[in-house]
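Taking it in order: structure first as structure tokens, then the write-up.
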Amino acid sequence: MKRIYVNEKWCLGCHLCEYYCAFANSGKDSMVKALKNVTINPRIRIEERGGISFAVSCRHCEEPLCTKSCITGALTVNDGVIQIDKDKCVGCYTCILTCPYGAIVPSETGAIQKCELCMNNSAGKPACVAGCPNKAIVFEEKE
Amino acid sequence: MLKEGQVRIPSGCAISGVISKSGKKINGERIVKSIATMHDRSNGLGGGFAGYGIYPQYKDLYAFHVFYDSNKAREECERFLDRHFDIINLSKIPVRPSSKITAEPLIWRYFVNPLPTKLTDSHLDEKEFVSRSVIRINSQIDGAYVFSCGKNMGVFKAVGYPEDVGDYFRLEEYDGYAWTAHGRYPTNTPGWWGGAHPFAMLDYSIVHNGEISSYDANRRDIEMYGYKCTLQTDTEVITYIIDYLLRKQKLSLSDAASVIAAPFWSTIENMPKAQKEKLTYLRSAFPGLLITGPFSIILGFEGGLMALNDRLKLRSMVIGEKDDMVYMASEECAIRIIEPDLDKLWSPRGGEPVIVTLDSLKSSK
Amino acid sequence: MAIDFLYPEYEIKRDRDKCICCRVCERQCANEAHWYDAELQMMMCDSAKCVNCHRCVSLCPTRALKIVKTDHTFKENANWTGEHIAEIYRQAGTGGVLLSSMGNPKKYPIYWDKMLINASQVTNPPIDPLREPMETKVFLGAKPGRVEFNAKGEIKNNLSPQLKLEVPIMFSAMSYGSISYNAHESLARAAKELGTFYNTGEGGLHEDFYKYGENTIVQVASGRFGVHKDYLNAGAAIEIKMGQGAKPGIGGHLPGIKVREDISRTRMIPEGSDAISPAPHHDIYSIEDLRQLVYSLKEASDYKKPVIVKIAAVHNVAAIASGIARGGADIIAIDGYRGGTGAAPTRIRDNVGIPIELALAAVDQRLREEGIRNNVSIVVGGSIRSSADVVKAIALGADAVYIATSALMALGCHLCRSCQKGNCNWGIATQRPELVRRLNPDIGYKRLVNLVTAWNHEIKEIMGGMGINSIESLRGNRLMLRGIGLTEKELSILGIKHAGE
């Protein structure tokens, strides 16, 4: 399955992935409309310290802890992609506690949000990958 | 209007050639008949012939055919010839005046040998001495133009349709083992006899149909080796390239053809090792002598003819065979008219040389 | 001092309606021209720090930025231009030599743009490169004057070592130091994929790149940095750099700050020390000395590699080239006055040397007049901007061209001409690791391959139009060129006719 991989060697810490992610999931048709005067809450986040930076988002684990811990069945694996059904999510945040990567965060509505590879938003394919200026984030099949 | 040499004049053409491998005599009338069939490929602005084996009585002497604009030019040229050559025979070339051939220059023929003392002093081999002398006359004596200087061969050319030129020069009075012919279709009106073809240097003569696109690359390369392209024609530069490769670099005819119409690198890549090495060498060693753009040529030389097309075969050329006779022409009709009953008729591929030599030369080797 | 204040030449324009304060401009500007003001909750900028490299413009996700030439001006004066005035203020303030980089930007004639290319009509057919073979392969190196035969009468291979180029375009010398590791890796990988060569420049060869040796030209310059036997034998050819188009007669200076661990090891000099290349090679004060170095290098590499001598195009370039051709060089590289550099004194860059077109025409003609043109191949560089320039250069007489500025642009260079500052925002002309990282060679090499492949397609199309199907038939084929708007003198130097003739 194609996954998002990040390579810290090429990450510039420019944070553009966060903005492209936030825009893609905003439901708006322009980035200005979506993000002007907004504090973004993206599904991918740059971690950086001491000159090293890299993007973190859901790895779509083969044996995900989040789905196991979800008490309502809101998190499910569909064709390898871990997806969230916000209607089912009750906001218990157990998944946030169990995700070893910190890739799940609360959304503005109280339900959790996470990377769904842009399969359910306007981008259609990972916006962070398309927006990364240095190919530090790639979307590919790996052994 | 500028004439040949002052301006570059591209032209389309018809060519024809015939050779008897056994050395049988072929009358000049036959080649005239052949080229006349392709009348429409010329436009009356140039025609010419080269005959090989036509001067058996003087076969060891250089036969100079010269156009003069005036007697003054003739006198000057003859003074030069006197100083450098032993003139065994001189005469006007016999012609049959005709209303179709006009603006005739004076046309003279000399059978000569280099003066031994001059030749020794020059430290040159005989052929080089002769070729340099000819280049000197053509570039330095105003109004004199040597258009043929080989042994036992001669070029006849004029402004006019080739069949009229053949008639004018009374070619039915000459017999040779090989002939080539040329009808010219220049895209300009030069009106100068020297510009007609064949073009010859020593015993090499070329008739050519085409317009090469590599002209200036070839010219600038060959001029480094002592040649001077005064006429600015394809035929002239091709003749010099052949002279350089055969006489100066001592390449074989087929190797020279591999330089001029080199196989594509992709073809060379797939050849057997030895052949690949040789052709890679020839292409890398003589890049400036590769000729591209359309051409079909017939090279006449002492003892044979070689036909060659550009590597894409952008000009027509067919070969016919009958017993010991080989025919080469732009169009099949030019062969059929003189030999309707051929054993074989074929079209050589682009870059594939067709080399025909006298049987007597093969057995002596 | 107030007198030293110069209003910025270029201004950063931000469309506040579009700016979402993502701060990518701030994070990506190594010159610190942008910052976020938390109090005002606005992005701010200082145009004085901007070098106009477009990094922020390119990365701004809402297209809120542009850089414009300022309308602030001194009083109009055709003689005392704003540039002259500003430079006088700067020099009066510092007492220093003005430094610049990349090529001469002044308004001198560009002869490439005054030559037009021929095409076939009627008498000679154009050739369609999509249907017929169209050859752009070139062999560089000395050609034998005479064919030799062995006892069996077979042709002997007496060809000197040759460089085989699949395209008539090579990447010219840029040292590791003047450009980054990632830029070098991109060039090396692209050269390998394209079947051509890149050039180490004078900074030696990084140990990681020995594996690209078959596609590498190793350079020996006056500073001899990183030169040792293995280095000489690592590449496919050795280039002696006598001069550079951007700064003829001038050496080089890589500031110690750029001589970090890797570069220090590659150049074989102490970390942090300035790398100074003298103006002359101190073992070459004359042509006969050059010949000795040519043969020393041939000895050291067992006569297996062609030796290139690179010179800047200067006034008597034809005579110099003739001397080099007779001095044993296999290839002469000529660099025109528009050639790039990582740093050069502005006055030198803008006023010394001659146009490559004229130098090439003069050298090719001179070598032909002397009958020695085939003893050497000619490679020209110094602002080859397009495939049309390549075609024109070859028709004038070059065997191949060197490109560097074009190659850097393929890697992202926006020609801001600030290389000497070492803060290249595109990760090219810098050694700061966080900036070098911005050039991902996986992207860079592919863009170089794309550029050269695209040019090669265009070269084939142009050749086909002329009815030429092999690049060697284009070389020196000056009848394929016509001048436009040139004087008799210029035409005679270029050896071409005027359009309409």
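Just so it is clear, none of the values below were taken in a lab; they were calculated from the coordinates. Please read these numbers as outputs of a predicted model, since none were measured by experiment. Note that we place each Cβ from the backbone using ideal geometry, even for glycine, and neighbour counts take in every protein chain shown.
A few comments on the model shown:
- Cleavage-rule hits, GluC sites (Glu not before Pro), the range C:62-110, DSSP coil, Cβ neighbours within 10 Å at most 11: C:Glu76
- Coil-residue chymotrypsin sites (Phe, Trp or Tyr not before Pro) of the range C:262-306, DSSP, other Cβ within 10 Å capped at 13: C:Tyr285, C:Tyr303
- Adding -39500 (n - 2.57) for every DSSP H run of four residues or longer, then dividing by how many residues chain B holds, sets the calculated 222 nm ellipticity at -8000 deg cm²/dmol.
- Formal net charge of residues neighbouring B:Leu119 (Cβ-Cβ distance under 9 Å; K, R +1; D, E -1): -2
- In degrees, nearest ten, helix C:287-300 long axis to first principal axis of chain C (Cα): 80 degrees
- Of B:Ala196, B:Ala144, B:Ala73, the one that fluctuates the most in a GNM where chain B has Cα springs shorter than 10 Å: B:Ala73
- Using alpha-carbon coordinates, inclination of helix C:441-466 to the longest axis of chain C, degrees: 50 degrees
- Checking every one of the trypsin sites (Lys or Arg not before Pro) in the range C:65-121 against DSSP loop status and a limit of 16 other Cβ atoms within 10 Å picks out C:Lys75, C:Lys106, C:Lys107.
- Counted charge near A:Asn134, where neighbours are those whose Cβ lies closer than 9 Å (Asp, Glu -1; Lys, Arg +1): +3
- Ordering B:Thr233, B:Asn89, B:Pro272 by the projection of their Cα atoms onto the charge dipole of chain B, which places +1 on the Cβ of Lys and Arg and -1 on the Cβ of Asp and Glu, puts B:Pro272 at the extreme positive end.
- Dipole magnitude (debye, nearest 20) for the range A:60-114, charges at Cβ of Lys, Arg, Asp, Glu: 140 debye
- Rg over Rh [alpha-carbon atoms, Kirkwood Rh] for the protein assembly as shown: 1.10
- Anisotropy class of the range C:21-140 from Cα gyration tensor, a/c 1.5 cut: oblate
- B:Ser360 versus B:Leu345: modelled label distance in nm, points set 7 Å from Cα along the beta carbon direction: 3.1 nm
- Only one residue of C:Ser322, C:Gln365, A:Ala74 has its Cα farthest out toward the positive end of the dipole of the protein assembly as shown, where Lys and Arg carry +1 and Asp and Glu -1 on Cβ, and that residue is A:Ala74.
- Placing unit charges on the Cβ atoms of the charged side chains and taking the dipole of the protein assembly as shown about its Cα centre, the candidate lying farthest along the positive direction among B:Ala103, C:Ala313, A:Tyr5 is A:Tyr5.
- With a 10 Å cut-off around each Cβ of C:141-148, the average count of Cβ atoms from other chains is 4.
- A Förster radius of 60 Å, combined with the Cβ-Cβ distance separating C:Arg63 from B:His39, puts the computed FRET efficiency at roughly 0.30.
- Solitary cysteines of chain A, where the nearest other Cys Cβ is not under 4.7 Å: A:Cys11, A:Cys14, A:Cys21, A:Cys61, A:Cys70, A:Cys89, A:Cys92, A:Cys99, A:Cys118, A:Cys132
- On Cα atoms only, tilt of C:356-369 relative to the major axis of chain C in degrees: 10 degrees
- Once the convex hull of all Cα atoms in the range C:404-500 is built, its volume per residue stands at 150 Å³.
- Shape call, chain B: gyration tensor on alpha carbons, a/c limit 1.5: rounded
- Chain B: most fluctuating residue of B:Thr233, B:Thr102, B:Thr267 per GNM, C-alpha cutoff 10 Å: B:Thr267
- Exposure proxy for B:Phe111, B:Phe169: other Cβ atoms within 10 Å of each Cβ, ordered fewest to most, give B:Phe111, B:Phe169.
- Spatially proximal aspartates and glutamates relative to B:Lys313 (Cα-Cα < 19 Å; intrachain offsets below 8 disregarded): B:Glu211, B:Asp234, B:Asp255, B:Glu331, B:Glu332, B:Glu352, C:Asp128, C:Glu132, C:Glu135, C:Glu472
- For the range C:2-96, relative contact order (Cα pairs under 8 Å, six or more residues apart, normalised by length) works out to 35 percent.
- Taking the range C:411-491 and dividing mean pair separation by its residue count, relative contact order in percent (alpha carbons under 8 Å, at least six apart): 16 percent
- Shielding by partners - mean other protein chain Cβ count within 10 Å, residues of B:216-226: 6
- The alpha carbon centroids of the range C:155-224 and the range B:37-87 are separated by 57 Å.
- Share, in percent, of DSSP beta bridges within the protein assembly as shown that are antiparallel, nearest 5: 80 percent
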